[in-house]
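Derivation of every value follows stated rules applied to the coordinates shown; laboratory data play no part. What you see is a predicted model, and the numbers here were worked out from it, not measured in a lab. Cβ sites come from the backbone with ideal geometry, for glycine too, and all protein chains shown count toward neighbours.
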């Protein structure tokens, strides 16, 4: 009798287990079906949201942010310019010191409006940045980043001065199944086919991407006048350095200047010491490139330095602030370059002839 009862109870438990397994299977299958339907619905929904249209700049005018581009030998002859107000990314090239529009693409940006300030605020930063690295499709989550991504140097020098935080601001792609109006965590986003086309224009550490809330355009003639005015200021800075006129030289520097862990007074003392050490100083500046964001200017050039005790050649970056009608250097960076590059640049234009 006990044996029959045990068998009966076992049968009931087995039945319940089978029923539970069946319900679990149905639930799992239903979840997968619902997930697939949801993904399919999202794809259809995304396709129904049209991409923003790229807006071409006014004929004969160029962004006020580009004062000078490279010739492609060392500094890039291209610049990317992103206008948040029109969601348009344009690419410009230097053609014998005349700037020409290469392409224009619609883009997506951070979910929140405004200039990025802190980590996680979902805003796209505004300023002058440079592409630093790249990731290919095999290294990326395709649904999030498409087939390619380019990293940038956010936060840049000016961002760090303003104590802005965050990182990982990229220009990356997006697959056709995703909306170009969904909003990013701060990155700039373009279509897969667009990023394939821009790859040839990216020279890592050399090509800038300038992001503004609204791009202002101006005739090339006006920008050339701005460039020559700035070049004249740069030439006077160089001459005061060569002449070892320390008071005149330090007047080109901002009171909040910092470089090599020195403030402006320490920098003055350091340079005054070198002036005493060397009998002469000769400085040559080759092929400068100049970009600006509001009153923040980034200028890069190749620099040859000669004295009776030191000779070197490298790339210098000056971070400059425009204050009223003058300029003040608020930061400097320098890195050495092989002399083979110098030999090539001996025939290139120099300040102030460029």
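For the stretch 220-345, DSSP calls about 95 percent of its internal beta bridges antiparallel. Would you mind calculating the relative contact order of the stretch 220-345 from Cα pairs under 8 angstrom and at least 6 residues apart, reporting the percent as a whole number? 20 percent.
Below 8 Å, C-alpha to C-alpha, sequence gap of six or more: please give me the relative contact order for the stretch 61-215 in percent.
29
By DSSP, the beta bridges lying fully in the stretch 61-215 are antiparallel in about 80 percent of cases.
Exposure proxy ranking for 189, 283, 202, based on other Cβ atoms within 10 angstrom of each Cβ and starting from the fewest, stands as 283, 202, 189. Here the gap between residue 96 and residue 254, fully extended at 0.36 nm per residue and compared with their Cα-Cα distance, gives a gain of 53.5 nm. From least to most packed, judged by other beta carbons within 10 angstrom and beginning with the fewest, 274, 171, 285 follow the order 274, 285, 171. Under the rule a/c < 1.5 gives rounded, and otherwise a/b versus b/c splits prolate from oblate, where does the stretch 220-345 land using the Cα gyration tensor? Oblate shape, in that a/c is at least 1.5 and b/c is the bigger or equal ratio.
When each of 335, 84 is scored by the number of other beta-carbon atoms lying within 10 Å, the sequence from fewest to most is 335, 84.
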